[in-house]
1. Could you say whether any residue in the stretch 148-164 is over 24 Å from D386 (Cβ atoms), under 28 Å from the mean Cα position of the chain (by Cα) and in contact (Cβ under 8 Å) with a residue 12 or more places away in the chain?
2. State which residue is farthest from the chain's Cα centre (by Cα) when the search covers only the stretch 420-434 and only residues that are open to solvent by less than 50 Å² (accessible area, probe 1.4 Å) and among the β-branched types (V, I, T).
3. Need a quick list: strands (runs of 3 or more DSSP E) entirely within the stretch 333-441 having at least 3 residues that are touching a strand residue (DSSP E or B) at 6+ places or on another chain (Cβ under 8 Å) and of a type in the set (A, V, I, L, M).
4. For the stretch 463-485, name all the residues that are buried (at least 20 other Cβ atoms within 10 Å of the Cβ) and outside any helix (DSSP H, G or I).
5. Of Q309, Q322, Q326, which residue is on the phi < 0 side of the Ramachandran plot, open to solvent by 40 Å² or more (accessible area, probe 1.4 Å), in a helix (DSSP H, G or I) and not small (G, A, S)?
6. Tell me, yes or no, whether the stretch 82-104 has at least one residue that is in contact with a strand residue (DSSP E or B) (Cβ under 6 Å, 6 or more places away or on another chain) and more than 26 Å from L362 (Cα to Cα).
7. Under 6 Å between Cβ atoms, which residue pairs at least 6 apart in sequence (or on different chains) link something in the stretch 91-111 that is of a type in the set (D, E, K, R) with a partner that is buried (at least 17 other Cβ atoms within 10 Å of the Cβ)?
8. Hey, R78 hits all of (1) modelled with pLDDT of 95 or more; (2) under 32 Å from the mean Cα position of the chain (by Cα) but one; which does it fall short on?
Amino acid sequence: MDTSTDTAATARSLTHSQRQIWTGQQLAGDAPLYNTPFTFRLRGGLDVDRFCGAYAAAVDRCEALRTKVVPGEDGVPRTQQVQPSEALNCVDLSNEADPEGALEKLIATHARRALDLNRPLVDSFLARLGPNDHCWYLNQHHLVTDAWSTTVVYRLVEACYRELDSGSLPEATPSYTDFVRFEEGSARPGDEKSRAFWRDRADGAASAPALYGRPNPDGCTRSTRLTVPLGRMRSEALRRLASEPGVRVLTEDLSLFNCIATVTFALLGRITGGERLCLGTPSHNRATPAFKETAGLFVELFPLELEAQSEATFNDLLRSVQGETQNFLFHARSGSSAPAASRSYNIVLNVITANFPAFAGLEPEIEWHHPGHCEASHHLRVTLHDFGATGAFNLQFDFNDTVFPEQTHPWVMAHFERMLDAFLTDRTQRVRDVDLVGEEERAVLIEHAGSPASELPGPTLVDAFDRVEDALPESRAVSGQGEILRYAELRQRSEALADSLAAHGVGRGDLVGLLAERRPSTIVGLLAVLRLGAAFLPLAPDNPASRNRFLQEDAGADVLIAQDDLEGWSGPRLDPSDVSWSAPPDRDPPRVEMEPGDLAYLLYTSGSTGRPKGVLIEHRNVLNLVAGLRERVYDDLPEVLRVALLAPLTFDASMQQVFAAMLLGHELCLTP
């Protein structure tokens with residue numbers, strides 16, 4: 001479309017969601033991660049000239065089809081409407097040797113091409129495949145659309161098609177400016193309370209756990225979409241369940257969402273082993289009848305989180321979801337989300353209730369195409385929809401290509417289906433009892449378990465570290481708080497501290513408390529403990545005294561490594577700063593015979609759903625993790641890396657950063 005003729009309309013501010021998406025697009029460059037391409041296959045008599053006229057009339061009546069992004073005088077981007085002058089592109093594929101193949105190629109080319117923000121944020125064409133067979137392609141940038149908005153545009157074009165010659169064309173859709181003003185309004189009751197709610201959630205949010213143990217360290221945005229048709233019987237069973245007493249809540253749509261969210265949380269808990277679970281989901285923000293008729297971006301992502309006990313049944317989980325969605329509905333106001341909260345989830349769940357009616361008597365075949373990219377932080381997107389109102393849902397999975405190699409796709413989808421079927425069959429059963437693994441996957445896992453895919457870095461963590469130090473003594477090992485330790489220094493200090501620990505009676509099989517401060521001496525401490533064949537118990541600096549007392553008593557730990565006293569801890573405390581790092585010439589470093597099955601560290605759950613539970617991690621567990629990370633992640637990255645320690649040491653995800661860095665010869669950077 002030509003955009004040379006601008007309307008007199010002034011540029012307007014971006015909404016909160018638009019700013020986030022605009023920023024994401026700037027970071028993504030030419031990756032089309034915000035394309036939303038739909039096709040509508042129309043089989044039957046369609047007047048092409050009439051359709052083109054209807055589309056032109058719709059463009060005149062719909063701001064979203066004329067919107068581009070312009071830089072403001074202050075450098076802040078704004079949107080502006082333009083007056084397009086080009087007609088809808090019509091493509092005749094009927095004479096191609098393979099019209100279907102030609103159409104598929106054409107759609108893929110358009111869908112995977114980033115839209116120019118300096119032009120109207122829409123790409124559309126009508127393809128003719130035969131005398132009574134046409135396909136309408138409509139792609140808008142997410143900056144100006146969402147799923148509901150697409151139905152608004154579709155219905156407008158259809159209405160214009162029906163009424164083109166009648167002289168009574170439909171009125172223009174309501175202006176998106178009304179929503180911008182609504183969001184900018186400072187007098188909405190409860191807005192500040194909602195913003196504070198989401199800020200508090202963001203401040204207390206932990207980093208999202210690795211799904212199936214796989215991170216996305218290079219920020220890959222490439223993704224693959226696969227669809228699982230649920231079928232009419234399963235879809236009807238889901239609808240019946242959503243209408244049952246105790247399951248049905250305010251609306252049918254919300255009840256359906258709660259059911260799918262329960263299944264998603266159940267799977268998330270099983271694959272991560274976590275009790276505090278979080279996923280992202282959109283608030284649709286169309287609170288008025290006018291907003292429901294407005295084309296534009298209204299949705300905004302918020303975290304939905306809950307605590308799940310290890311013994312929880314589906315009914316338990318469903319009740320928790322119902323409670324959290326009430327909080328969500330109360331606080332998920334447009335413009336109130338805290339972008340920092342997005343770090344707490346890497347699964348996005350969307351239940352889309354929008355659908356597309358017949359087009360002038362023709363039943364459309366609707367497909368939502370994938371541009372091949374999605375946001376790097378969205379490792380898995382799960383979407384439930386029935387765009388054609390057929391009565392049968394489709395379950396759509398968008399897999400990040402780094403996190404989910406191709407061979408894992410059918411397994412993950414099967415896991416979700418098995419969890420869904422278990423939920424539909426018996427809500428009283430415990431989530432932990434559902435058998436997720438099919439026979440084919442089980443055979444592969446058994447084979448893999450008997451034949452490691454990668455050589456382990458060493459028989460124990462100490463052996464593995466010492467091998468790295470022997471090869472790279474002068475390489476940087478750990479840095480933080482203005483201090484840098486090279487591998488030789490780190491080894492020397494850990495040996496010296498191990499001597500002091502041994503003098504306090506620490507030996508193989510013991511547990512030692514370790515204050516998990518973000519300083520190099522903490523890493524020295526955990527290595528020193530491991531050198532003695534002992535295991536460390538990380539303790540958060542802000543733990544209340546009651547939790548410290550419980551952890552010490554439950555773990556049977558005695559000695560504490562910390563620079564300052566820890567409230568609630570009783571027993572000897574060893575301050576690393578009191579240890580002389582200079583090794584006497586005649587001293588032999590401590591050496592203890594260890595086995596791969598020896599305990600390396602002990603972590604405890606939060607205890608927010610009951611008594612905290614300790615999880616024992618052995619040397620071989622960590623070594624297998626590092627071997628897998630080396631094979632699947634680090635071998636494809638530069639030879640020397642600086643690996644940021646983002647998660648707290650009391651959270652298990654931190655250990656993959658600590659040990660993958662130090663056992664593979666990289667530098668561990670302790671962020672503040």
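1. No; the residues of the stretch 148-164 include none that is over 24 Å from D386 (Cβ atoms), under 28 Å from the mean Cα position of the chain (by Cα) and in contact (Cβ under 8 Å) with a residue 12 or more places away in the chain.
2. Among those that are open to solvent by less than 50 Å² (accessible area, probe 1.4 Å) and among the β-branched types (V, I, T), it is V434.
3. Strands (runs of 3 or more DSSP E) meeting the threshold: 347-352, 380-385.
4. Step one: of the stretch 463-485, the residues buried (at least 20 other Cβ atoms within 10 Å of the Cβ) are 464-465, 468-469, 477-478, 480, 485.
A477, V478, G480, L485, listed by residue number.
5. Values: Q309 fails: in a helix (DSSP H, G or I); Q322 fails: open to solvent by 40 Å² or more (accessible area, probe 1.4 Å).
Of the residues listed, the single one that is on the phi < 0 side of the Ramachandran plot, open to solvent by 40 Å² or more (accessible area, probe 1.4 Å), in a helix (DSSP H, G or I) and not small (G, A, S) is Q326.
6. So far as the stretch 82-104 goes, yes, one or more of its residues are in contact with a strand residue (DSSP E or B) (Cβ under 6 Å, 6 or more places away or on another chain) and more than 26 Å from L362 (Cα to Cα).
7. Close Cβ pairs satisfying both conditions: D92/R128; E96/A102.
8. Only one criterion in (1) modelled with pLDDT of 95 or more; (2) under 32 Å from the mean Cα position of the chain (by Cα) is unmet by R78, namely (1).
The values are calculated or read from the model by the stated rules, or taken from the named source; none is laboratory data. Keep in mind that this is a model prediction, so the values were computed, not measured. A quick note on method: Cβ atoms are made from the backbone with ideal geometry, for glycine too, and the neighbour counts reach across all protein chains shown. In case anyone asks, the SASA skips ligands and DNA or RNA and just uses the protein heavy atoms, side chains included. Shrake-Rupley method; radii C 1.70, N 1.55, O 1.52, S 1.80 Å.
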